[in-house]
Amino acid sequence: METTNLSKIRRDKMLMTINEIKKNIFDEETLTNLSMIENELTKKKYGLIWEEHEERVDKELETQIPTFEELKDKEIISNPDDKFNFLLEGDNLHSLYLLEKTYAGKIDCIYIDPPYNRGKNDFVYNDDFVVEEDAYKHSKWLSFMQKRLEIAKHLLTKKGLIFISIDDNEVAQLKLLCNDIFGEERFINQFVWQRNSSGKTEKDKFTVNTEYVLLYSNTNEYVLNPTYKPLATSSQQMYNKDDNDGRGKYATVSLQKPRDPGPETTYDYIDNNGKIWPCPPKGWRMIYSKIKALENDNRLYFEGKSLRVKDYWNERENAGKRIDTLWNDLSENNVGSKELSILFEGKNVFDNPKPTDLIKRCIQICPKDSMVLDFFAGSGTTAQAVQELNKEDNGNRHFILCTNNENNICEDVTYKRLAKINFGTPRTKPNKFNLKYYKCTYIPRINTEQENLHNNLLINIKNLIQLENGIEIDDKKIKIYLDEEELDKFSINQNELFECEKIYISSDILLTTEQEKIFEDNNVEVYIIPEYYFEDEIMEVM
């Protein structure tokens, strides 16, 4: 039997009343206010509803345009032929705003570890800690997350995946928010991470030793790479035999069939030395010709009265059991601090960083050539996870990290961690990569000198070109031209043409037929700078 929707009946009655009132009202302001009430009454009736809050950083976008300034002294170049990774310093909302111009639909994997909103000192909103007693603590957190996750969705490729670490404080709200932004049907799994094996029991409560990782896809085109939990140490120790033939260590597996003997697997086996191996009680696991092929390939193991087959560790399809939603095989939360302490020679520089293998588990589910984004980068664990995975599986992943510089975290922790990973320390080996460090700066929107604003924006476009393409505009192999006269000079300079490989030119510049042929003859690729970088902002002052 269909139930009566009392809420709908009341809403419809109020809407009818408002409509009758409007018939006798001619004051424009009153009619506008009544329309606002109507809009509130007709909003969605299921899902997450909260008091929306405006952030200071969101308000700042009304009066200034965020751009990037490159800090050249922090650049790391280990392989000139490889693409660059990026560390973006600044409020992550502003960094995401700029990434939306350069990486829309290009990010394969996002991992974030946002503030958990525990009501202590982990979530800062508009320069103040959100405390337990704040009546709007959940709505502030949701407003904060909504803006960032909506941009994150635009950044993901069609096959893109987003992993979000969270705990009990906001997991329910986060799941509903993600259902709203990505779609309920895009929810893939909620993983439970056992962050520690024991802990202090709180008064009248149970010990909490788990956190969660939510996994959502951008579309239904996603692909999950098979990922496996490593074998237990006891299982790995079984692979202790080695013939020194280049195949590596192996364990031995019985060839006896456990059940259901059949005529094709019931026989006495004669080895190449003429020895007869009697048929086991339930037959062999394979037909005669397959066992003979194993012997001819030196893959049989003769052990007393038992005939066994060699199982090589290096040839296993996987190194353990396929992962499930219970991640109880990963490092505990204190390992993240130990990893950081090793790099910083015993110093405690960051509280509660995630262990590297937790983030590696997430990234492994994505392709080996993924562009990985973390816009709550903290100490930079995601970068270390990317580099370690690339080394382990010969992957070609690259990363973009976004973090603010509160208490100099970006400069003194994140950047220094990346440098230590790259160059190595007394206790760690170098793991080489390229890095550019960008700092978020601002240009006022209100500018009476419109040409000045236009030129400032175009100058900063160089940094966006580097960011989008992972390249270095070195003014030799790769150049940028915003001025037609400068381009004309370049087009007749044979020495510069010989050295140059690519040029990026403003969309305002029109190449002559002669210039097109010169660039073609000299193998100089020409790219037009996308107008969408700052199209909206430039139009405001044109």
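Taking the alpha-carbon distance from Lys476 and a cut-off under 23 Å, which lysines remain once sequence neighbours fewer than 8 residues away in the same chain are dropped?
Those lysines meeting the cut-off are Lys72, Lys74, Lys83, Lys436, Lys462, Lys489, Lys502, Lys517.
Identify unpaired cysteines across the chain, taking unpaired to mean no other cysteine Cβ lies under 4.7 Å from the residue's Cβ.
Cys178, Cys279, Cys362, Cys402, Cys410, Cys440, Cys500
Quick one: which residues, 5 or more positions from Thr67 or on another chain, have an amide H under 5 Å from its amide H? H modelled 1.01 Å from N in the peptide plane, none for Pro or chain starts.
The answer is Thr441, Tyr442, Ile443.
Using DSSP to call loops (not H, G, I, E or B), can you name the GluC sites (Glu not before Pro) in the stretch 219-302 whose Cβ has at most 10 other Cβ atoms within 10 angstrom?
Glu221
Mind ranking 83-90, 9-16, 153-160, 119-126 by how tightly packed they are, going by the mean number of other C-beta atoms within 10 angstrom, highest first? Walk me through the numbers on the way to the answer.
Values: 83-90: 22.4, 9-16: 11.8, 153-160: 19.2, 119-126: 15.0.
Put in order of decreasing packing, that is 83-90, 153-160, 119-126, 9-16.
I want to check the label-to-label distance for Lys158 and Lys338. Put each point 7 Å from Cα in the C-beta direction and report it in nm to one decimal.
About 4.5 nm, to one decimal.
Determine the shape class of the stretch 466-517: with a ≥ b ≥ c the square roots of the Cα gyration tensor eigenvalues, call it rounded for a/c under 1.5, and otherwise prolate if a/b is greater than b/c, oblate otherwise. Numbers along the way, then the final one.
On the way: a/c = 2.07, a/b = 1.30, b/c = 1.59.
Oblate shape, in that a/c is at least 1.5 and b/c is the bigger or equal ratio.
Tell me the volume per residue, in Å³, of the convex hull enclosing the alpha carbons of the chain.
That works out to 307 Å³ per residue.
Dipole magnitude of the chain about its Cα centre, charges +1 at Lys/Arg Cβ and -1 at Asp/Glu Cβ only, in debye to the nearest 20?
Working: 73 positive and 96 negative charges, 822 e Å.
Here the size comes out at about 3940 debye.
Take the Cα gyration tensor of the stretch 233-315, multiply each eigenvalue by 5, square-root it, and list the three semi-axes largest first, rounded to whole angstrom. Show your work: numbers first, answer last.
On the way: eigenvalues 113, 46, 23 Å².
Over the Cα atoms of the stretch 233-315, the ellipsoid semi-axes are 24, 15, 11 Å.
Among Gln146, Ile162, Val57, which residue has its Cα furthest toward the positive end of the charge dipole of the chain, with +1 on Lys/Arg Cβ and -1 on Asp/Glu Cβ?
The residue sitting most towards the positive pole is Ile162.
Residue by residue, what Karplus-based ³J(HN,Hα) values in Hz, rounded to whole numbers, does the stretch 501-512 have, using 6.51, -1.76 and 1.60 with θ = phi - 60° and x for Gly and Pro?
10, 9, 10, 10, 10, 5, 5, 6, 8, 10, 6, 7
Where the only charges are on Cβ atoms (+1 Lys, Arg; -1 Asp, Glu), what is the dipole of the stretch 473-541 about its Cα centre, to the nearest 20 debye?
380 debye
Give me, ordered by chain and number, the residues 5 or more places off Tyr125 or on other chains with an amide H under 5 Å from its own placed amide H.
Long-range HN contacts for Tyr125: Val130.
Within the set Lys101/Lys391; Lys205/Lys229; Lys120/Lys338; Lys338/Lys360; Lys175/Lys391; Lys153/Lys432, which residue pairs have Cα atoms separated by over 22 Å?
The pairs that break the limit, which is 22 Å between Cα atoms, are Lys101/Lys391; Lys205/Lys229; Lys120/Lys338; Lys175/Lys391; Lys153/Lys432.
All of the numbers you see were taken from the coordinates with simple rules; none came from a lab. Please read all numbers here as calculations on a predicted model, not as lab measurements. Please note: Cβ atoms are built from the backbone with ideal geometry, for glycine as well, and neighbour counts cover all protein chains shown.
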